[in-house]
Every structure is written in C-alpha cells, then in structure tokens.
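The values are calculated or read from the model by the stated rules, or taken from the named source; none is laboratory data. Keep in mind that what you see is a predicted model, and the values were worked out from it rather than measured. Glycine gets a Cβ as well: all are built from the backbone with ideal geometry, and neighbour counts include every protein chain shown.
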Amino acid sequence: MSDVNIGPAVGAEVSSEGPGTPIEVLRVEGLEVAFSRYGKGWSRDRLKVISNLNLTVRSGEIVAVAGSSGSGKSLLAHAVLGILPRNAHTSGRINFMGKALTPARLKKLRGTRIAFVPQSVEYLDPLMRVGRQISPDRQAVLAAFERYRLDPSVAELYPHQLSGGMARRVLVASAVVGDPQLIVADEPTPGMSKELADKAMKHFRDLADAGVAVLLITHDIDLALGYADRVAVFYAGTTVETAPADDFDARERLRHPWSQALWQAIPANGFQPTPGHQPYAGRLPQGCLYAPRCPRKGHDCGHHAPPTVTIRGGEVSCCYAS
Amino acid sequence: MGSKLKVIKQSGAYLVRGVTLLIAISILSFVLMSLSPIDPMRAYVQANPGASAENIAKMEEFWGLNDPMPTRFVKWGSALLRGDFGTSKLYRRPVLEIIGTRFAATLALMLTAWTMSGVLGFSIGCAMGLTQGSFIDRVLKRLCLIMCSIPTFWIGLVFLMLFSVWLGWFPFGMAVPAGVAAGDVTIWQRLHHLVLPAATLSFLSFANVALHTREKLTEVMSSEYVLFARARGKSRFQILRQHGFRNILMPAVTMQFSSFSELFGGSVLAENIFGYPGLGAAASAAGLQSDIPLLLGITLFSALFVFAGNAIANGLYVVIDPRVREGVA
C-alpha cells in the first residue's frame, strides 16, 4: 500500500478544530472483508461480507451509512477501527488524513484521533467503574463528563447503574476524551425513544459542527436524514449510492434503484416494501449485487460489477443510474 | 444503606439451611445404615473370632442393636447434641478424635490438590482462551478432554507404577515412612509422601477447571466490552489484565470452592490407592466394616465441609459482583 495524498495537499498537521475548509479525513476505496471459516473436516472457505465499498468522510460532516440490520454495515466500522475478528481478511484501501491507515498507525490513533461510539452500555465491562474504564486519565474523563453535563460522581458508577440518558452521554463522552478527528458511531440509537435518539444525534451534529468527521452507521434512515450531511446507502455489503441528505426529499433526485426503493419504504413516502430480499453473504450474485431485484436491469448487469460514477454531486454504482 | 441488614439476613438464612441440611442428612444416613445388609455384629465377630454366643448377645444388648430403629436414632441423636459422636468400633477411640486427626492429614492432601488443580487449570485455561482457535489451543483442549475422561483410581495406579515402582522417585503409599517414630518424621518426609496422592487428586479436576476457564475467557474476549476496549486502543495484554482477569477469576474461584464435594469423593479413592491414612480411607473402612458411629460422624462432617465450600462460593459472588450485590442480576 503506498501513501497517496488525496485531493489538495492535506497533512495530518492541518487543524480539525473549527469548521474551516473541509478536509478529507477518511477515505475507503474498494474495501473487501471476508471471513475464513472451517467447513467440513479441516477445509476452510471464505465468506465475503463486504465488497467493493467506497466512502469518504470530510471534516465537519456526518456521513450516515444506512442499511438494513444484519447487512454487515457494523463490519465497516470494525474494519476502519481494525477490530475485526482474527479470521477476517481485508483488502482495499483505507486512508486517514490522506495517509494509508496501516495497522501500526491505527494502533497509535485508535482511542485518540479515531474514536468509536458503541451501541449501548453493553459495551462496557459490567465489573468495572465507568470512569476508570473509559480512560485511566481521570482529568480527561472529568473534562469530557463536564462537557456533557455529567456529574463527576457518575465516574464512580458501574455500567448497570447508569440511566438511559446517562449511558448515552457517557458513551459519547468516552469518544471525546482523546480529542478525535474521526468518530465512528455504530448504531448509537437502537431501542431509544425518539426524544432520546434526537438528543444522541444532536451530540454528533455538534461534534461535526466543531470540525470532527463523523461516520454514522445506522438502520434508521429516517432519523439519519435529519442530521446527516450525506447518506451512503448500503446493500449486501457494498455502498450503492452516496447522496447529499437533501436528495432524499424526492425520489427523482436519487440515483440508484435501491435508494429509490428505500425512499418508498419510509413511512412518510408510502411505506411500500420492495419484493425480494438481500442476498446472503456466501450466495452473492455475479455482477451487480442488486441486479436480481432491479426493475431497470439490463442484460449485462449480471456479468460485471458496475463502476462508481458521479452524477449530480452524488456517487452511484449503477450502469443505468439516472 | 440496607446492605448490612441484607448480609445479616442472608447469613441467617444460610445458617438455617445448613442446620436443616445436617438434620436431613443425619436421618437419611442413619436409615440407610440401618437398612445396610452388613450386620455390625457379624462384622465384629469376624474381626474378633472366639466370642461366645452369650457374649454376642450381651454385646448386642450393650450396643442397643435390639432396640427399634427410631429408638436407636433418638439415642444417637441426643448424644450427638451433647457433643458425643460415640466411639468407633474399628479404632476403639472417640469418633471426634479420629475425625480430628484424620482430617488434618486429608486437609493437607486436599489443600495441595486443590491449589495445584486451581493454579494449573487456571493457567492452562488462560493459555487456551487467549490463543483460541490456534494450534496450541486445539492440542491443549483435546488433552484436557482426555484428562476429563480418565478415572481417578486409574491415574492413581499409573502414577504409583510409574513414579514409585519404576522410577522410584516417590514412596509407595502411606503418609510417613515406615519404622520412624512419629516425632522424628520431618516435614520433607511428609511432603514427599503427599506428592503422588495430591497429584492424583488434582488430576480429578484440573482439566475441568482449564476447560471452564477457557470457555469463560473466550466468552470475555469475544464480548462487546472487549471489542470496545480494543476500539479505545487497549492492547491485548491490557485487556487481559483489566477485563479478562476481572471477569474470569471470580467464576474460577467460586467453582473451586464448590468443587469440595468432588474433592472429598476423590480423596476416598486416592487415599485407598496410596494407603494414605486420611478421612477418606477411614470412611471406606468404616463403611465396609459397618462402623456405624464413625461412618455417620464422617458423613455429617463431610456434609458440613461441602456446605461450607458452597456457602463461601456464593458469598464471594456477592462480594465481587456489584450486580449480585444489588440484586440486579
């Protein structure tokens, strides 16, 4: 992997504080994630769960990756953070601040410049007090707690003693302890009331407005649209379209047939499901992954994967995009 | 706030449970002993040939063997409450005194085996859990599964053949060398005699402890909080230290305490194989020769011992896990 500078000369020294000119913080190109597993006897096979995934996140913006549950979008977050299980194999390119995110570099940045916000309090060790668990640096923990109006005494609590609202703030606070440039949030709102989920999203919006790049992984496209700048639509382990959030105002402004189908499935837009289901990992079709369900497919869609093209300021992987 | 009161309440409940357990055990074992096909009189006559029929009848009267079972139980039970466990027919000494001296020997044996299996099992389990799925893990796991399936008496005989008969490293049974006055026996001689029986006894459970620890550590290492710890930049070693030990040490320790019953059962076998004069050997001798007072005494004592182990195990959970402490989980 060579260190390639993307876009205008961007160095790690460029401050991410304050809005300023957006810089590209994260760039994922042609990412593939496959798991090796034991088959019968001692044989092994590989199960591809993410393929040909492209994504960029700039400073000061929230990019939401939206897809249905169990479609492997959490694995994208884990791949960026380098916390995939040992039997996972990745290929493709992940750049952070213009430089390849090698395992050695990731080791230094994880927990400081790159932070992870997990789903729930289940991601905290039940036997360890919250404050000490987040960071051994007590001053930093208390400063982060103050930012989210958490009492210093919360640091002495065990995870099960946190209320829902406290847990949400503790998890976000854990991310800002290290002064991050990139925050990866994996489904930060499941099971929350609308009110609580809005508060959680507001935290991410504030962080983005302060110049942090936020990669938000969610199945709740409706909620994400209210806060994200751009939305990447995830299907069967790949991003089929990355569009400005505003484009979801009207079906015609979307480019990919699956994004349009998703749009129709939103309650306010008719609540219409699309027949068929996403292909399972290990049984992916040849060529375009959406072809088997696509109303617009041509005869060549089943033969080669579609290239990613830019149309009206959004990226789409479809030969018949409009 | 009310936690102190809760502790007192729980301890009280435990005490009641312990007492009722002992009462139930004493009734059950007394009835079983009375129904046992081994006639204590005949066992006595066999051991002391030459007794006349008249003497036998006198002895039966003296031991109260002609009384109905409930009367005998009440006699025995009321003596028990006064602290009189009776006299062993086999050793002709008070039961309590025998239990006292025998238990000291057994305790040394069990404690050694218990520590050995705990430390060895825990370390092997950690090694397997950390390298889960690797070659080392798979070899160790298979070995442990084999160990689990080996009966104690068999491994005892193998040890005896290998280490004392062929290699001559360790003495052939007993707790002290033969022909040495009790006062002259050194601690090293005692330890030397202890090694093989203790190793045999620890073989009973160390593979179990290892497999259990492996399972627990695997569970912890694939947990969500370890994933998050990795995302926060913690190294493998830091994770083992901060989250691994914290979450697996207690289950391992509590399991150790609740394994007292297996330990006691195993000691009967190990002591018989090695001729080690402990409580286990006394129990089987008392059973075979129908030494009712001694057997009942040992039964009650071992029940108390196992109960204490389980009580400690439960108590530790309360002390360590904040969720159990507050009655959440």
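Details
- Test: residue in the stretch A:65-72 that is touching a helix residue (DSSP H, G or I) at 6+ places or on another chain (Cβ under 6 Å) and either without any contact (Cβ under 8 Å) to a residue 60 or more places away in the chain or not in a loop (DSSP other than H, G, I, E, B) (or both): yes
- Filter pass, B:GLY50 being assigned to a loop (DSSP other than H, G, I, E, B), at pLDDT below 75 and surrounded by fewer than 14 Cβ atoms within 10 Å (Cβ to Cβ): yes
- Between A:LEU81, A:LEU31, A:LEU76, A:LEU47, the distinction of being crowded, with 16+ Cβ neighbours inside 10 Å, at pLDDT below 90 and touching a strand residue (DSSP E or B) at 6+ places or on another chain (Cβ under 8 Å) belongs to A:LEU47 only.
- Count of residues meeting criterion [out of contact with any Asp or Glu (no Cβ under 9 Å at 6 or more places or on another chain) and either among the small types (Gly, Ala, Ser) or modelled with pLDDT of 90 or more (or both)] in the stretch A:248-261: 2
- Subset of the stretch B:58-102 [β-branched (Val, Ile, Thr), under 20 Å from B:LEU279 (Cβ atoms) and out of contact with any Phe, Trp or Tyr (no Cβ under 6 Å at 6 or more places or on another chain)]: B:THR87, B:THR101
- Cβ pairs under 9 Å, 6+ apart, first in the stretch A:291-314 and under 20 Å from A:ALA250 (Cα atoms), second hydrophobic (A, V, I, L, M, F, W, C) and not in a loop (DSSP other than H, G, I, E, B): A:CYS294/A:TRP258; A:PRO295/A:ALA261; A:THR310/A:VAL316; A:ARG312/A:ALA243; A:GLY313/A:ALA243; A:GLY314/A:ALA243
- Selected residue [surrounded by fewer than 16 Cβ atoms within 10 Å (Cβ to Cβ) and within 11 Å of chain B (Cβ to nearest Cβ)] from A:GLU122, A:GLU146, A:GLU195: A:GLU122
- Looking only at residues in the stretch A:226-249 that are free of Cβ contacts under 8 Å to residues at least 40 places away in the same chain and either in contact with a helix residue (DSSP H, G or I) (Cβ under 6 Å, 6 or more places away or on another chain) or not in a loop (DSSP other than H, G, I, E, B) (or both), the one that is surrounded by the most Cβ atoms within 10 Å (Cβ to Cβ) is A:PHE248.
- Single condition B:ARG232 does not satisfy, out of (1) within 14 Å of another protein chain (Cβ to nearest Cβ); (2) surrounded by fewer than 18 Cβ atoms within 10 Å (Cβ to Cβ); (3) under 30 Å from A:LEU75 (Cα atoms): (2)
- For the stretch B:277-329, the helices (runs of 4 or more DSSP H) that sit wholly inside it and include 2 or more residues that are within 14 Å of chain A (Cβ to nearest Cβ) and of a type in the set (Val, Ile, Thr) are B:292-320.
- Flag if A:VAL141 is in contact (Cβ under 8 Å) with a residue 40 or more places away in the chain, within 24 Å of A:ARG205 (Cβ to Cβ) and more than 9 Å from chain B (Cβ to nearest Cβ): no
- Exclusive hit being in contact with a Ser or Thr (Cβ under 7 Å, 6 or more places away or on another chain), more than 30 Å from A:SER322 (Cβ to Cβ) and within 14 Å of chain B (Cβ to nearest Cβ), set A:VAL177, A:VAL172: A:VAL177
- Screening A:PRO152, A:PRO188 for residues that are away from chain B (no Cβ under 12 Å) and touching a residue at least 60 places away in the same chain (Cβ under 8 Å) leaves exactly one candidate, A:PRO188.
- Selection from the stretch B:213-229 of residues that are surrounded by fewer than 20 Cβ atoms within 10 Å (Cβ to Cβ) and more than 10 Å from every other protein chain (Cβ to nearest Cβ): B:GLU215, B:THR218, B:GLU219
- Positions within the stretch B:266-312 being in contact with a strand residue (DSSP E or B) (Cβ under 9 Å, 6 or more places away or on another chain) and within 30 Å of B:PHE159 (Cα to Cα), in sequence order: none
- Selected residue (criterion: farthest from the other protein chains (Cβ to nearest Cβ)) from residues of the stretch A:156-169 that are farther than 17 Å from B:TYR225 by Cβ and more than 25 Å from the chain's Cα centre (by Cα): A:SER163
- For the stretch A:70-93, the set of residues classified as touching a Lys or Arg at 6+ places or on another chain (Cβ under 9 Å) and at the interface with chain B (Cβ under 10 Å from one of its Cβ atoms) consists of A:LEU81, A:GLY82, A:ILE83, A:ASN87, listed by residue number.
- Search result, residues across the stretch B:245-255 that are crowded, with 22+ Cβ neighbours inside 10 Å and more than 8 Å from chain A (Cβ to nearest Cβ): B:ILE248
- Residue match in the stretch B:261-268 (condition: more than 29 Å from B:ALA199 (Cα to Cα) and either without any contact (Cβ under 8 Å) to a residue 60 or more places away in the chain or away from chain A (no Cβ under 11 Å) (or both)): no
- Residue among A:LEU207, A:LEU215, A:LEU284 that is in contact with a strand residue (DSSP E or B) (Cβ under 9 Å, 6 or more places away or on another chain), surrounded by 15 or more Cβ atoms within 10 Å (Cβ to Cβ) and modelled with pLDDT under 90: A:LEU284
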